[in-house]
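**Q** Below you will find the structure I want to go over with you.
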Amino acid sequence: MLTLLVCSSCQLRLKPNDDDEQKKLVEVQRYDRLESRYLTTGDFSALQQMNTSYPMETRTLIEDVLSLGEVNEPYINSKFLNLYQDSLLQVIISDSEAEFADMEDINNEFSEAFGNLKKLLPHIIVPMVYAQIGALNQSVVVGDKSIGISLDKYLGTNYFPYLKFYSEQQRQTMTRSYIVPDCLLFYLLSIYPMNNYYSRTQKEKDLHMAKMMWTVNKVLGNYVFHTQYVQLIASYMKKHKNIPVEKLLTMDDYTSFGI
């Protein structure tokens, strides 16, 4: 359900410091509002702003998330607009904008989480985070110094359209509370990819993912991800308290974890 997409360089955008407000490391950029305006009203000025203010985000959405073709192809904007004219997608756009009219809680969660992550991994660059509506495709897309959140994949466990397309297990993570954990998880995976991924055993792949999940749990101070492999990592780190998180994430010998 979550897909990692590595895109080309994207400018880092952070909220300016404001002495009158709590300092935030991250403020979600509301690309979704421009997208919604274009897709529901056909407002060409909104499309122009998408292309000028968010060119890489627009390219990623059209080419990688929606797979409509290249962003500079003739009639690509019409294909983009027509895709979302489906009545269900129009409802999803409206519901996404209503559910996420205010994202201040998520801004605060992101800022606290990346503050904690930088204590563990000081070299980590705080990415630009933006929201989009992805037609029920990828939940999270990760680029170079950027994270895109598809709000339409986080409308709640019992959101009616999900009942038709997703299992009960899948729907458990399609909630607002999973936005920050999912983004942290896939951002870490983009920074610490698994070497020789396709030649690895499934257990090795599961353990590599578990290392990222354990780190996210530690950063959030919450047991968000809990699998048998996360438990193995937790047990290992409990026995090896002097091992830095950076070393754990770059370890390539999975026999250390008892497999």
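The values are calculated or read from the model by the stated rules, or taken from the named source; none is laboratory data. Keep in mind that this is a model prediction, so the values were computed, not measured. Here the Cβ is made from the backbone with ideal geometry for all residues, glycine too, and neighbour counts use every protein chain on show. Remember, those area values only see protein heavy atoms, side chains included, never the ligands or the DNA or RNA. Shrake-Rupley method; radii C 1.70, N 1.55, O 1.52, S 1.80 Å.
**Q** Work out, step by step, the length gained on full extension between Thr40 and Asn158: first 0.36 nm times the residue separation, then minus their alpha carbon distance; give nm to one decimal.
**A** Here the answer is 40.0 nm.
**Q** May I ask you to derive the FRET efficiency for Lys239 and Gln172 from their Cβ-Cβ distance with R0 = 45 Å, giving the value to the nearest 0.05?
**A** 0.90
**Q** Along Cα→Cβ, 7 Å out, is where each label goes; now give me the distance between the ones at Asn51 and Asp105 in nm to one decimal.
**A** My value for the distance between the label points is 3.8 nm.
**Q** Sticking with this one: May I have the pair-distance distribution P(r) for the stretch 171-259, computed from all Cα-Cα distances with 5 Å bins from 0 and rounded to whole percent?
**A** 3, 14, 26, 26, 19, 9, 4, 0
**Q** Counting DSSP beta bridges with both partners in the chain, what percentage is antiparallel, nearest 5?
**A** Percentage antiparallel, nearest 5: 35.
**Q** For the stretch 46-125, what is the per residue volume of the convex hull drawn over the alpha-carbon atoms, in cubic angstrom?
**A** Given the Cα convex hull of the stretch 46-125, per-residue volume reads 140 Å³.
**Q** Along the Cα-to-Cβ line of Leu81, 7 Å from the Cα, sits a label point; which residues in the stretch 29-49 have backbone N less than 16 Å from it?
**A** Output list for this probe position: 34-49.
**Q** Before I look further, what does the chain give for accessible area per residue, probe 1.4 Å, in whole square angstrom?
**A** With all protein chains present, the chain gives 50 Å² per residue.
**Q** Once label points are set 7 Å from the Cα along Cα→Cβ at both Tyr198 and Leu120, what is their separation, rounded to one decimal in nm?
**A** Going from the Tyr198 label point to the Leu120 one covers 3.1 nm.
**Q** Then there's this: Given just the C-alpha atoms of the chain, how large is their convex hull per residue in cubic angstrom?
**A** So the per-residue hull volume is 145 Å³.
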